[in-house]
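Here's the structure, in structure tokens; my notes come after.
Laboratory data are not the source of any read-out in this text; all were calculated from the coordinates shown. Note that the coordinates shown come from a computational prediction; the quantities given were computed from them, not determined experimentally. Please note: Cβ atoms are built from the backbone with ideal geometry, for glycine as well, and neighbour counts cover all protein chains shown.
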Amino acid sequence: MTGRFKLDQPLPGAKFGGRLELAISSTGAAGAISSTGAAAWIAAGEAEPSALPDALAAANGLLLIQGLEAIKDEPGLLVRLSRLFGPEIENYRENLTPANRVHAAVPEILVVSNLPPVNQMPPDPPEPRLAPDGQFPTQFPQRRGWHTDQSFRRPPPDVSLFYAAAPARRDQGQTLFANTALAHDALAPELQARVATLEGLHCSPGFGRGRVAVLAGETPRALAPHERSQRQPMVRRHPVTGRRALYMCEMGQMDFIDGPIIGMEKGPHGAGENLLFALMAHITRRDFVYVHEWTQGDLVIWDNRCLVHAASWFDAKAEGRVMWRTTVSGNPDPTYAGEPKSWIPRDPQPRERTAAQ
Ligand SMILES: [Fe+2]
């Protein structure tokens, strides 16, 4: 890191991630750095464009920046910070995300909240509430909902930013992160070799192709070409770090009609599911997980290319939680070089597009 930024790693209780700090200066190259507030971060990041992406890579895909309370009153700052991590910031108004989930003034912000107008309830608590060792559970299948953002798109997005405008109390509403590069490195060599050439089939939630929908006998909806499930390599080579990382979701964002793994027995209880679930249980071992307890003004930045994450329960009757998400894409990746965006209709009559997750 440069003298302007300091990376304190790993994050507490984890083997990866880092808390990034900005040195206070009144004479920095940006000329206007007089505090560590959001505007100072943007000035420092814009003055040294590689610094924040380099920090994300150095921290193995997870950064925490604290004390950004100013973003709550000036949400456009979150978009400027997001631009430091890649050229394209998703506009949620353009991808037809329901309007109640999009920030009224800044369409690049997806609002995740149990409060009106979003009214999105938290996931159920794990059952049982504690892991066998008495600790907060992290491991699939006791802990559900592990995914990497928008993996049903090719090219998939690179980085997500999640900001605590009004988090739940500190022992609730945590976000869990698992590092799939560490998990990949810890696989037995034979299993590493086996998954290296496999592809998963990823689908958008709500299309009737996830495991729960298939088991319930739902009729899957007919899909336009731009809505179809997408193949993704189960092992990705990170275009910046060169590290290999497992790339998969568990049950809601994988296609359990034609997948979840290409070329293996399809559907629930098949050989594809068996391998997928074994890998997801491995990825989410406590060894590879960081649990973030949120404080107002926290910003967590994660690399979807080498992490999976999951939400956790909070008491929605007692807590009014408001979190803001942005999604960054468009960084070079040879795996997807030259591909058109799979989710953009290519016929002359644009049809409804897939809602973002
Ligand atoms: Fe997510």
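Quick notes on this structure:
- Once the Kirkwood radius over Cα pairs is known for the range 242-328, the Stokes-Einstein relation at 37 °C and 0.692 mPa s delivers a diffusion coefficient of 209 µm²/s.
- Between the listed residues 268, 309, 343, the Cα displaced farthest toward the positive end of the dipole of the range 192-345, a dipole computed from Cβ unit charges relative to the Cα centre, is found at 343.
- Look at 231, 286 and count the other Cβ atoms within 10 Å of each Cβ; fewest to most, that gives 231, 286.
- Rounded tilt (10° steps) of 271-283 against the dominant C-alpha axis of the chain: 30
- Think of the range 5-336 as having a plus end and a minus end, set by charges on the Cβ of Lys, Arg, Asp and Glu; of 91, 156, 279, 279 sits farthest toward the positive end of this dipole.
- Where a label projected 7 Å from the Cα of residue 104 along Cα→Cβ would reach, residues of the range 166-198 with amide N under 19 Å: 166
- Working ranking of peptides 126-133, 223-230 by packing, defined as the average number of other Cβ atoms within 10 Å per residue, highest first, is 223-230, 126-133.
- Counting only residues at least eight positions apart within a chain, or on another chain, the aspartates and glutamates with an alpha carbon under 17 Å from that of residue 6 are 21, 46, 48, 54, 298.
- Listed from fewest to most Cβ neighbours within 10 Å, the set 329, 50 follows the order 50, 329.
- With both labels modelled 7 Å from their Cα along Cα-to-Cβ, the residue 258 to residue 170 distance reads 4.8 nm.
- Straightening the chain between residue 335 and residue 135 buys 68.1 nm, computed as 0.36 nm per residue apart minus the Cα-Cα spacing.
- Test item: Cα-centred dipole of the range 5-336, Lys/Arg +1 and Asp/Glu -1 on Cβ, debye: 400
- Spatially, the range 223-300 and the range 164-178 are offset by 22 Å when compared through their Cα centroids.
- Straight-line cross-link partners of residue 317 among the lysines, defined as a Cα under 26 Å from its Cα and at least 8 positions apart when in the same chain: 72.
- Taking 7 Å steps out from each Cα toward its Cβ at residue 58 and residue 315 produces label points 4.1 nm apart.
- For the range 195-274, alpha-carbon Rg over 2.2 N^0.38 Å: 1.13
- Extension gain for the segment residue 88 to residue 192, taken as residue separation times 0.36 nm less the Cα-Cα distance, is 34.2 nm to one decimal.
- Crossing angle, helix 38-47 versus the chain [Cα axis fit, 0-90 degrees, rounded to tens]: 90
- Isotropic mean projected area of the C-alpha convex hull, the range 79-193 (nm²): 10.2
- Mean projection of the Cα convex hull over all viewing directions, computed for the range 5-336: 16.9 nm².
- Order of 336, 92 under a 10 Å beta carbon neighbour criterion, fewest first: 336, 92
- Calculated [θ] (222 nm, deg cm²/dmol) that DSSP helices of n ≥ 4 give over the chain, each run adding -39,500 (n - 2.57): -4500 deg cm²/dmol
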